[in-house]
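First the structure, in the form of structure tokens, and then the observations on it.
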Amino acid sequence: MRVRPVIQVTFLETKGGKTKVRGRMSRPPKELGEVALFVPPDSLIEARMMRYGKRCCLATLAVRAGEGGAALEIGAKYAVLSGWDMENASLVLSPKHGWEETVFKPRDAAEITIDGYRCLVPITGSIDVNNLPGGAAVIKGAWNHEHCAVCMQCICEVCGPEAWISKEGVWVCKKCHEEYICPRSIEFHF
Ligand SMILES: [Zn+2]
Ligand SMILES: [Zn+2]
């Protein structure tokens, strides 16, 4: 199980909807920049880590207006998520994704060359197959797999086509849907 840094809030200031947060970190952050504070049981507050002092382990974060900074409390501890961990947590916690059970089927794809690299683009309703850039060819069934956004497992007819897809077209495997998305759990294993 992943050990995330935890911040204990020592200072909070809200001005014009924006919240400034200061607190002591249980371990150094991986880097400064975009993070999310996990507020149990199921919300994430997006913030920007502005400063971190190694000596005293004090971090300063800025929460943009409308991000729910008012829910934070002095003295409370929050897990600090970053990078892929933050992306995955948002995938699991946000109800906006509208997950639907599906079965992967290979799709036709157009082969397009960009800067000398061969790229496959799956054919969707919004692509006019008769008017592809540079006269690209359509290859039958060339889009033959997807990857689970949480564990990167291949989703295809060989590895197993049963999966879940979000409204935005994000795929997750059956196992990750059962383990993380259904219970809205952010205890990712890597
Ligand atoms: Zn998975
Ligand atoms: Zn596969």
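What follows draws every value from the coordinates through simple rules; no lab data is involved. Please read these numbers as outputs of a predicted model, since none were measured by experiment. Methodologically, a virtual Cβ is constructed for each residue, glycine included, from the backbone with ideal geometry; neighbour enumeration extends over all protein chains shown.
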*Using only Cα atoms, find the angle between the long axis of helix 83-93 and the longest principal axis of the chain, and express it within 0 to 90 degrees, rounded to the nearest 10.*
80
*Which whole number in µm²/s is D for the chain by Stokes-Einstein, with the Kirkwood Rh taken over Cα pairs at 10 °C and 1.306 mPa s?*
83
_Least to most buried among 9, 3 (fewest other Cβ within 10 Å first)_ = 3, 9
*asked:* Can you compute 3J(HN,Hα) from phi for each residue in the stretch 138-148, using the Karplus curve 6.51 cos²θ - 1.76 cosθ + 1.60 with θ = phi - 60°, rounded to whole Hz and x for Gly and Pro?
replied: 8, 10, 4, x, 6, 7, 10, 7, 10, 10, 5
*How high is the relative contact order of the stretch 45-190, in percent, with contacts defined as C-alpha pairs under 8 Å that are six or more residues apart?*
21
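Using a Cα distance threshold of under 23 Å, what count of lysine pairs results for the stretch 85-190 when pairs must be 8 or more residues apart or interchain? Mind showing how you got there, number by number?
Working: 96/167; 96/174; 96/175; 105/140; 105/167; 105/174; 105/175; 167/175.
Within the stretch 85-190, the lysine pair count is 8.
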_Kirkwood-Stokes translational diffusion coefficient of the stretch 6-83, alpha-carbon pairs, 10 °C, 1.306 mPa s, µm²/s_ = 131
*Compactness index (Cα Rg / 2.2 N^0.38 Å), the stretch 95-190*: 1.26
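Calculated FRET efficiency, residue 100 and residue 152, Cβ-Cβ r, R0 22 Å, to nearest 0.05?
Working: r = 21 Å, r/R0 = 0.94.
Computed FRET efficiency for residue 100 and residue 152 comes out at 0.60.
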*Quick one: what are the phi-derived ³J(HN,Hα) couplings along the stretch 37-44, Karplus 6.51/-1.76/1.60 with θ = phi - 60°, whole Hz, x for glycine and proline?*
9, 8, 10, x, x, 8, 10, 10
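Multiply the residue separation of residue 76 and residue 111 by 0.36 nm, subtract the distance between their alpha-carbon atoms, and state the gained length in nm to one decimal. All intermediate terms of the calculation are to be shown ahead of the outcome.
Numbers: separation 35, 0.36 × 35 = 12.60 nm, distance 5.26 nm.
Stretched fully, the residue 76-residue 111 segment lengthens by 7.3 nm.
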*Divide by every residue of the chain the summed helix terms, -39500 (n - 2.57) for each DSSP H run of at least 4, and state the resulting mean residue ellipticity at 222 nm, rounded to the nearest 500 deg cm²/dmol.*
-2000 deg cm²/dmol
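Quick one: compute the contact order of the stretch 6-83, relative version, from alpha carbon pairs under 8 angstrom and 6+ residues apart, as a percent. Walk me through the intermediate numbers first.
Working: 177 pairs, mean separation 30.7, N = 78.
Averaging sequence separation for qualifying contacts and normalising by length gives 39 percent for the stretch 6-83.
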